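Visitor: For reference, the structure I am asking about is given below.
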Amino acid sequence: MTTHEVHRQKAMNERPRRKTAFETYFGGILAGDIVACEKMRLVSKRLMEAYENPGLYHFSPRIAARHTRFIERFCKIPSGRWGRP
């Protein structure tokens, strides 16, 4: 890793993370900022617990971007006729 990459990574780790729309909405319900019925509060609580404590399967934007870059770079639709290089 180059010095530039080390400094960039350090800066990224120090920046405060922005809340997602998911966190804003369901967190608002739990905080009482958004009016919702009891059933919706229970759903919000369950979803936020799963979001904050991911188990084996979870979503990571960083990992997803890595896979997307690979697919866009190396997985091409072949052009030309079948049986021809």
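Visitor: Restricting to Cα atoms and excluding each atom paired with itself, what does the Kirkwood estimate give for region 27-85 in Å?
Guide: Final number for the Kirkwood radius of region 27-85 is 15.6 Å.
Visitor: Sort 36-49, 53-66 for me by packing, meaning the mean count of neighbouring Cβ atoms within 10 Å per residue, highest on top. Spell out each step's value before the answer.
Guide: Details: 36-49: 12.6, 53-66: 8.2.
Per-residue mean Cβ counts within 10 Å order the peptides as 36-49, 53-66.
Laboratory data are not the source of any read-out in this text; all were calculated from the coordinates shown. Note that the structure is predicted; figures quoted are calculated from it, not measured. With ideal geometry, Cβ positions are generated from the backbone for all residues, glycine too; neighbour counts draw on all protein chains shown.
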